[in-house]
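The values are calculated or read from the model by the stated rules, or taken from the named source; none is laboratory data. In this text, all values refer to a predicted model and were calculated from it rather than measured experimentally. Don't worry about glycine lacking a Cβ; one is built from the backbone with ideal geometry, like all the others, and counts go over all protein chains shown. Please note that ligands, DNA and RNA were not included when accessible areas were found on the heavy atoms of the full protein model with its side chains. Shrake-Rupley method; radii C 1.70, N 1.55, O 1.52, S 1.80 Å.
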Amino acid sequence: GDPKLLGEPDPALDNAASQIPPGCEGLITLPYWNAVQSPYWDSVARGAVVGWRGTHSRAHMYRSILESIGFEMRLNLDSIEKGTGVKLEGLRAMGGGTRSKLWRQIMSDCTGLPITVCLEDEISALGAAVLAMASTGVYGSNDVATAAKKMAHYGKTIEPNMQLHQRYQEVASVQRKLYPRLQDIFEDLHDLSRKYPSTKPESPAAEL
């Protein structure tokens, strides 16, 4: 987005991406920019964008990234439900991404779950404060859950569009074919990057 926003969601880009149909007209992203942990645990995995055509735009690319993270979230939630035997009923969202109305809705539609936004941005700091306040007994007990209920506050809840959820499930089924088919390629790229490591120029003049 706009570099002047210093990483904040860009309203103009959000607006442009909101005009793009779900599924981005066949543009699909594998968002493993920094390798992947769950569910593959592959330290050499890389990101990929598949399906580029001349009709795709910057807004398509942006929306495809947002959707891909939603697909990955649903994949991991499926593993949690399978492993625990517990059906998830909702999610809590926090941090900078929650400032994007578009991303909140995409995440809800991709996962098929309502998402409730936490009002506090610094959740880790809030958690530390909850533990500290619980230890003082200021809320009548040393129970962490009691302190959390007093100190944590929620905003609006975004409900999923279940028709779009079904559509996203179809797109996600295609997206999930990418990693198995690219895994060997990622290994090859990793080997090449080790064989031919990047070198920094010795002086500013060398950059020219």
Practice task
Quote the relative contact order of the chain in percent (integer), defining contacts as alpha-carbon pairs under 8 Å separated by 6+ residues.
Solution key: 20 percent
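At 1.4 Å probe size, with every protein chain present, just tell me what the per residue accessible area of the chain comes to in Å².
Values: 13050 Å² over 208 residues.
Here the per-residue accessible area is 63 Å².
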Exercise for the section: Give me the distance in nm between label points sitting 7 Å out from Cα along the Cα-to-Cβ direction at GLN19 and LEU5, one decimal. Expected result: 1.6 nm
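If I compute solvent accessible area with a 1.4 Å probe over the protein chains, what percent of it on the chain is carbon and sulfur?
55 percent
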Problem - Overall dimensions of segment 125-208 by Cα: Rg and Dmax, Å - result: 26.0, 67
Practice task
For segment 1-98, count the residues as N, evaluate 2.2 N^0.38 Å, and divide the Cα radius of gyration by that value, please.
Solution key: 1.23
Fill in the blank from the handout: Dividing the helical contributions, -39500 (n - 2.57) per DSSP H run of n ≥ 4, by the residues of the chain yields a 222 nm value, nearest 500 deg cm²/dmol, of -15500 deg cm²/dmol
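Highest mean first, what order results for 52-60, 17-25 on Cβ atoms within 10 Å?
Numbers: 52-60: 13.2, 17-25: 16.9.
Highest-to-lowest ranking by the protection proxy: 17-25, 52-60.
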Handout entry: Proximal lysines relative to LYS4, as straight alpha-carbon distance under 27 Å, when same-chain residues fewer than 8 apart are discounted
Key = LYS101
Problem - Using a Förster distance of 30 Å, the FRET efficiency for SER43-VAL144 (Cβ separation, nearest 0.05) - result: 0.30
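Antiparallel versus total DSSP beta bridges in the chain: what percent is that, nearest 5?
Working: 7 of 11 bridges.
Given both bridge residues lie in the chain, the antiparallel proportion sits at roughly 65 percent.
Ratio of alpha-carbon Rg to the 2.2 N^0.38 Å globular estimate for segment 15-173, to two decimals, please. Numbers along the way, then the final one.
Details: Rg = 18.4 Å, N = 159, 2.2 N^0.38 = 15.1 Å.
Compared with the compact-globule rule of thumb, segment 15-173 sits at 1.22.
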Completion exercise
Nearest 10, in degrees from 0 to 90: the angle of helix 162-175 to the longest Cα principal axis of the chain is 40 degrees
